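Sharing a structure here in structure tokens format.
The values are calculated or read from the model by the stated rules, or taken from the named source; none is laboratory data. All values derive from a computational prediction rather than experimental measurement. Here the Cβ positions follow ideal geometry from the backbone for every residue, glycine too, while neighbour counts run over all protein chains shown. With ligands, DNA and RNA removed, areas are computed over all heavy atoms of the protein, side chains included. Shrake-Rupley method; radii C 1.70, N 1.55, O 1.52, S 1.80 Å.
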Amino acid sequence: MKRFPVILDCDPGVDDAVAILLAKQLPELDVRAITTVAGNVEVEKTYANAHRILHVAKWEVPVYMGAARPLIGTQVTATGIHGADGLGGVEVPGAAIPPVPEERAWDVIYREAVAAGGALELIAVGPLTNLAIAFAKYRELPKLIRRIVIMGGAATLGNTTPAAEFNIYADPEAAEMVFQSGVPVHMVGLDVTLKSYLTASEIDAIAALGSEQAKFFHGILQNVLAFSTKLGLPGVSMHDPAAVLYAVDASLFQAEEAGVHVECKGSITRGKTVTDLYSDAQFEKNAYVVTEVDRPAFVERVKTLLARYA
Ligand code: RIB
Ligand code: CA
């Protein structure tokens, strides 16, 4: 088993919460810090939610706050899916929320990258503002990051608009900076996360595991399950958990190398990850686009990991 240092950058967010629950049970991940960013809900809430989720997981990881708004555009949130609180209305009594540390997310990313001597990987499952600021502030940072795995974008789909996935749409300029940073980006986008879903009965089966964490998992997903069902989807897309599981075991997935640029100017296409799989344009291949998942194996892996909570 190869254990490697990572920073989990996120905007909890109910699927971010599941990703954190899974990350604790993955010994391959040496999670050096959780950094939070404005996204699904405001940054004060994503910071507090990260602590609430760690309280449920009974896991101690340093949490840092990052950007409160995108680099240039106007802030968007996803409270319709995640709830105004960001955790589907589920309360976590007894979770103490410490004061926000002085050190900001982008400085923590750099500090940990230097400490890891080039081995650090970033798993980013929210808007990419923190990573972009880190790259802008520390010009040598790309040389110190081994790989970036994002939940974001799509070669062919959009969820916030017909062209754009939420994390990219929320800060397209930041996303373009990350894709052009020189660090290989593994894009776990909607192409695969819409296939990485859990049905209502699969969610219920996990709840039946009976642990406090399994019940929390079930509770925070009810709002998004109702939303997904109303849309006629077969279940709840485990967007962020797919990125975490991919980072540890890509054998459940298929990916192909491609060139990706983020559209930042289009009035209709702003936030689109323009993905060149085989065009004459021949974009420089700066990314791996994850396109397929072995869904039964994915579901089994999620259940097995959550079953590790006694
Ligand atoms: O489009 C899905 C992504 O946007 C997920 O990361 C979800 O948490 C939201 O941030
Ligand atoms: Ca997220």
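Among what's in segment 133-162 and is open to solvent by 10 Å² or more (accessible area, probe 1.4 Å) and within 17 Å of G259 (Cα to Cα), pick the residue that is modelled with the lowest pLDDT.
By that ranking, first place goes to L157.
Working only within segment 187-212, note down all residues that are open to solvent by 10 Å² or more (accessible area, probe 1.4 Å) and touching a residue at least 60 places away in the same chain (Cβ under 8 Å).
D191, K195, Y197, E202, A205, L209, E212
Of a type in the set (G, A, S) and outside any helix (DSSP H, G or I), is that true of G219?
No, not satisfied.
Matching residues to (1) under 22 Å from I206 (Cβ atoms); (2) aliphatic (A, V, I, L, M):
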residue: R3; (1), (2): no, no
residue: L8; (1), (2): yes, yes
residue: V37; (1), (2): no, yes
residue: A48; (1), (2): no, yes
residue: P62; (1), (2): no, no
residue: R69; (1), (2): no, no
residue: I72; (1), (2): no, yes
residue: G86; (1), (2): yes, no
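I would also like to ask the following. When you go through (1) open to solvent by 60 Å² or more (accessible area, probe 1.4 Å); (2) within 16 Å of ligand 1 (Cβ to nearest atom) one by one for L245, which number turns out not to apply?
Unmet condition: (1).
Right, something else. Go through (1) within 14 Å of ligand 1 (Cβ to nearest atom); (2) more than 16 Å from A19 (Cα to Cα); (3) part of a loop (DSSP other than H, G, I, E, B) and name the single condition P127 misses.
Evaluating P127 over (1) within 14 Å of ligand 1 (Cβ to nearest atom); (2) more than 16 Å from A19 (Cα to Cα); (3) part of a loop (DSSP other than H, G, I, E, B) leaves (2) as the failure.
Counting only residues that are open to solvent by less than 10 Å² (accessible area, probe 1.4 Å) and either more than 13 Å from ligand 1 (Cβ to nearest atom) or part of a loop (DSSP other than H, G, I, E, B) (or both), how many does segment 103-124 have? Explain how you work it out, then say what you get.
First, pick out the residues of segment 103-124 that are open to solvent by less than 10 Å² (accessible area, probe 1.4 Å): 105, 108-109, 113, 120-124.
Remaining after also requiring either more than 13 Å from ligand 1 (Cβ to nearest atom) or part of a loop (DSSP other than H, G, I, E, B) (or both): 105, 108-109, 113, 120-122.
So the answer is 7.
Now, a different point. Need pairs with beta-carbon distance below 8 Å; first residue farther than 15 Å from L157 by Cβ and within segment 283-294, second assigned to a loop (DSSP other than H, G, I, E, B); sequence gap 6+ or separate chains.
Filtered contacts from segment 283-294: N286/Q180; N286/G182; N286/P184; A287/P184; Y288/P184.
Q282 fails exactly one of the following numbered conditions: (1) loosely packed, with under 15 Cβ neighbours inside 10 Å; (2) under 21 Å from S237 (Cβ atoms). What is the number of that condition?
The one condition Q282 does not meet is (2).
When segment 266-303 is examined, which residues are found to be more than 17 Å from A132 (Cβ to Cβ) and of a type in the set (D, E, K, R)? Step through it out loud before you land on a result.
Filtering segment 266-303 for residues more than 17 Å from A132 (Cβ to Cβ) gives 266-269, 272, 274-285, 288-303.
K272, D276, D280, E284, K285, E292, D294, R295, E300, R301, K303, listed by residue number.
Name the residue that is farthest from A163 (Cα to Cα), counting only residues in segment 265-310 that are of a type in the set (K, R) and not in a helix (DSSP H, G or I). Reasoning before the result, please.
First, pick out the residues of segment 265-310 that are of a type in the set (K, R): 265, 270, 272, 285, 295, 301, 303, 308.
Those still in the list that are not in a helix (DSSP H, G or I) too: 265, 270, 272, 285, 308.
Working: K265: 13, R270: 7, K272: 5, K285: 21, R308: 38 Å.
It comes out as R308.
Hey, among H239, H261, which residue is in contact (Cβ under 8 Å) with a residue 60 or more places away in the chain, open to solvent by less than 60 Å² (accessible area, probe 1.4 Å) and in contact with an Asp or Glu (Cβ under 8 Å, 6 or more places away or on another chain)?
One residue alone meets the criteria, H239.
Taking into account only those residues within segment 74-84 that are surrounded by fewer than 16 Cβ atoms within 10 Å (Cβ to Cβ) and without any contact (Cβ under 8 Å) to a residue 60 or more places away in the chain, which is farthest from ligand 1 (Cβ to nearest atom)?
T74
Across segment 242-258, what is the total count of residues that are part of a helix (DSSP H, G or I) and out of contact with any Asp or Glu (no Cβ under 6 Å at 6 or more places or on another chain)?
8
To continue, here is another question. Go through segment 163-186 and count every residue that is open to solvent by 10 Å² or more (accessible area, probe 1.4 Å), within 15 Å of ligand 2 (Cβ to nearest atom) and charged (D, E, K, R).
Adding up the residues that qualify gives 0.
Return yes when I7 is within 14 Å of ligand 2 (Cβ to nearest atom), under 16 Å from the mean Cα position of the chain (by Cα) and aliphatic (A, V, I, L, M) and no when it is not.
No; evaluated as a whole, the condition is false for this residue.
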